[in-house]
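Throughout, read-outs are computed from the coordinates displayed, never taken from laboratory work. Bear in mind that the values here come from a model prediction, so they are computed numbers and not experimental data. Here the Cβ is made from the backbone with ideal geometry for all residues, glycine too, and neighbour counts use every protein chain on show.
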Amino acid sequence: MTGRTPERWTYRSVRAAFTGDYAAPALLHGTLAALALMVASVAAGTRYFRRAGA
């Protein structure tokens with residue numbers, strides 16, 4: 001299952017952007033993976049704060 005983790009997609013996305021390959025599929029996949037992780041993290045954080053009464 002090498003290469004199927006969201007972190008690896010994000011790393012490849014950064015590498016593609018750094019080398020100027022903005023049309024690379026890795027850039028799109030990495031960006032989508034990073035956005036999905038961000039949404040999941042914010043949702044989980046909001047849920048935990050609401051449960052804690054903070």
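Of the chymotrypsin sites (Phe, Trp or Tyr not before Pro) in the chain, the ones in a loop by DSSP (not H, G, I, E or B) with at most 10 other beta carbons within 10 Å are Tyr22.
Taking the Cα centre as origin and putting +1 on Lys and Arg beta-carbons and -1 on Asp and Glu beta-carbons, what dipole magnitude results for the chain, to the nearest 20 debye?
Numbers: 7 positive and 2 negative charges, 56 e Å.
With only Lys, Arg, Asp and Glu charged at Cβ, the dipole is about 260 debye.
Loop-located trypsin sites (Lys or Arg not before Pro) across the chain with a Cβ neighbour count of 14 or fewer within 10 Å are Arg4, with loop assigned by DSSP. The fraction of all Cα pairs in region 6-52 landing in successive 5 Å bins from 0 to the largest distance is 5, 25, 21, 15, 10, 10, 7, 5, 2, given as whole percents. Relative contact order of region 6-52: 38 percent, from C-alpha pairs under 8 Å at least 6 residues apart in sequence. Projecting label points 7 angstrom from Cα along Cα→Cβ for Ala23 and Tyr11 puts them 2.7 nm apart.
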